[in-house]
Every structure is written in structure tokens, then in C-alpha cells.
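A short reminder: the numbers here are calculations on the coordinates, not readings from a lab. Being a predicted model, the structure only gives us computed values, none of them experimental. Virtual Cβ from ideal backbone geometry, glycine too; neighbours counted across all protein chains shown.
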Amino acid sequence: MHFHKIHGLGNDFVLTRDLDPARHDLARTARALCDRHFGIGADGLILVLPSEKADFSMRIFNPDGSEAEMCGNGIRCFAKYVYEQGLTEKTNLAVETLAGIIKPQLKVSGGEVQEVRVDMGRPRLTAAEIPVAGFGPGPVREAELTVDGTKLTFTAVSMGNPHAVIQVDDLARLPWQTLGPAVESHSAFPRKTNVEFAQVLGPQEVQVAVWERGAGATLACGTGACAAVVALSLTGRLERRSTVHLPGGDLEILWAENDHVYMTGPAATVFTGEYLLDLATLA
Ligand code: ZDP
């Protein structure tokens, strides 16, 4: 299996065209490839597939084998891959995902994709859409959740995938690495959730620590950065155009007047390779 290793702000993915959903056990393959000791190592496995409704179709699997609806950093990596592999000459793409058609716009110079601005579509805010159980039926804003004896305040947002944005005063003093998995698997989130711990630094600036569903702590999360800006502007804590500081770097987010969220950030190819183990016999 030929693959590319591409990351967005250190959120890293294995991308390939050599996996066939009809023939391969994708959950098992994702677990094997994403393993950092027994495999290639990645925060997710991304399949580059043809589409009847759009230019391409993207499927994304977490390191635990679960399939996510969408992936913000991953779709920038996806756009870089299809353009630089010569699969398209378009710089405005439409990509089919389980969260609908997402539209990356490529900034190209010297034949290389330098940056990608993605129309991530509209955030979904009702409890049923996210989904959140035991709250709602409408939007869940600054609701209380107690995990491990700690009272947290969360706002729920779906960017196609579920997010709980937890506003905190001081990230350095919060044991978010242990709270993250407890929130991820809390019964309030029937499909589990990604968790963003967010400390507002200024009117247009926020620091975010990410605990990803099915992946754990990662250096960045594109859909999570969008969810954080939506949640915090909804609750009057941040402007709709803001910079999100993540451990791996910054993303620029705009929740525009047309209700669409736009995310701008980089993607970098690190290496290509051949995976040598038999995909049919993966442990
Ligand atoms: O929704 C989920 O299960 C996520 N773990 C998918 C990956 C999201 C990602 N971090 C992003 O950038 O949006 C890749």
C-alpha cells in the first residue's frame, strides 16, 4: 500500500488511494496503520476516493478504528494531496464527506499548495443534531457537566462531528488530559464527543487544548477550532473572526454572516512510503 504522510499543524494523517472499502476492513487497517510503534503512526487514516456528487470523496478513520464524519485539518491535507498528485488542476474543490460537501480553496505557488481555506459549512447547534442527550432540545449553551467530581461548563457544537467546548480560566491549572477522556465518553454524548478546552486570551484570540474522540490528545483539530470560535462567539466571549492557538500552531477562523465557517491553515507533506504488511491479515 502506497501512502503519503501529511500533517496540518502536527495533526498527522496517512493518506492513500490504495484501500478499497469493498475489500478492506477499514477499522482494523486504521488501528494498525495509526499505531506509532507497530505501524506508520498517525492521528487518522484518510481514504482518497472518487465521488459521483463532488470532485472527490474523503473518508476519515480515527486510530481506534471509528469513522468520523469530518476532519478539518485532514481536509486541508486531502486538498494538498489531490492537487500535488495531479489528480485535479482545480484550486476550488468540492469534497464529499459524511458531513456533506465541504469546499477547500487552495493557495498555490510554485506548484505547491501553501495554504488551504476551507468552507466548512454551517455549524449545527441543536442537541438532536450534535447529538447531546439529556439537554436541549434546542442549543446547549454553557450547560453544566460534572466529571470526576469537577464541574465544567460546556457549549455543544457540531461541525459535522460532535464537539463539547469547555470554557476555562486557566488551562495550565486544569488536568484536561484526564478530564478529556471522561467527557469524551460521558453519557451526555451518545456518539461520544471531541473536547476542546478553551481559554480566551483576547477579543479575537483563544488558546485551545484538544482531546479528540477516538484519538486522544492531538496537536491541533480543525473542526475543533471552528467549534471553539462558534461556541465562544455564541456566548459573547469571542469575536466571530478569531485566531485559535493550538499546541501545533495557529488557525484563522471566521464564522461569516452567511452562517458558514471558514478555516484557513497550512498542510505539509512529510514523507511517502510503502506499507509492507499484508492488509488482509492485520492484527
Ligand atoms: O470526530 C472525530 O472523531 C475526530 N477525532 C476526527 C478528526 C478531527 C480532526 N482533528 C480535525 O482536524 O477536525 C482531524
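Annotations for the structure displayed:
- Restricting segment 12-60 to residues that are under 26 Å from H245 (Cβ atoms) and charged (D, E, K, R), the residue that is surrounded by the fewest Cβ atoms within 10 Å (Cβ to Cβ): R36
- Residues (in a strand (DSSP E or B) and within 13 Å of the ligand (Cβ to nearest atom)) located in segment 69-97: T97
- The condition of being surrounded by fewer than 18 Cβ atoms within 10 Å (Cβ to Cβ) and closer than 21 Å to L251 by Cα holds for only one of K90, K103, K151, K107, that being K107.
- Among the residues of segment 157-175, those identified as under 16 Å from V229 (Cα atoms) and touching a strand residue (DSSP E or B) at 6+ places or on another chain (Cβ under 6 Å) are V157, S158, N161, H163, A164, V165, I166, Q167, V168.
- Criterion (outside any helix (DSSP H, G or I), among the charged types (D, E, K, R) and away from the ligand (no atom under 16 Å from the Cβ)) met by exactly one of D18, D12: D18
- When residues of segment 115-129 are limited to those that are assigned to a loop (DSSP other than H, G, I, E, B) and touching a residue at least 12 places away in the same chain (Cβ under 8 Å), the one surrounded by the most Cβ atoms within 10 Å (Cβ to Cβ): M120
- T155, sole failed condition from (1) hydroxyl-bearing (S, T, Y); (2) without any contact (Cβ under 8 Å) to a residue 60 or more places away in the chain; (3) not in a loop (DSSP other than H, G, I, E, B): (2)
- For V108: the one exception among (1) within 17 Å of R213 (Cβ to Cβ); (2) part of a strand (DSSP E or B); (3) away from the ligand (no atom under 11 Å from the Cβ): (1)
- Any chance L9 is surrounded by 17 or more Cβ atoms within 10 Å (Cβ to Cβ), over 20 Å from L282 (Cα atoms), out of contact with any His (no Cβ under 8 Å at 6 or more places or on another chain) and of a type outside the set (D, E, K, R): yes
- Listed by position, the strands (runs of 3 or more DSSP E) contained in segment 210-272 that have at least 1 residues being hydroxyl-bearing (S, T, Y) are 216-218, 241-246, 261-265.
- Residues of segment 181-220 that turn out to be in contact with a helix residue (DSSP H, G or I) (Cβ under 7 Å, 6 or more places away or on another chain) and within 9 Å of the ligand (Cβ to nearest atom), as a count: 6
- Tabulated pairs, segment 223-242, first in contact (Cβ under 8 Å) with a residue 12 or more places away in the chain, second within 16 Å of the ligand (Cβ to nearest atom) and part of a loop (DSSP other than H, G, I, E, B), C-beta under 6 angstrom, 6+ apart or interchain: T223/M70; T223/M159; T223/N161; C226/M120; C226/M159; A227/M159; V230/P123
- Criterion violated by D55 - all others in (1) under 23 Å from E274 (Cα atoms); (2) more than 16 Å from the ligand (Cβ to nearest atom) satisfied: (1)
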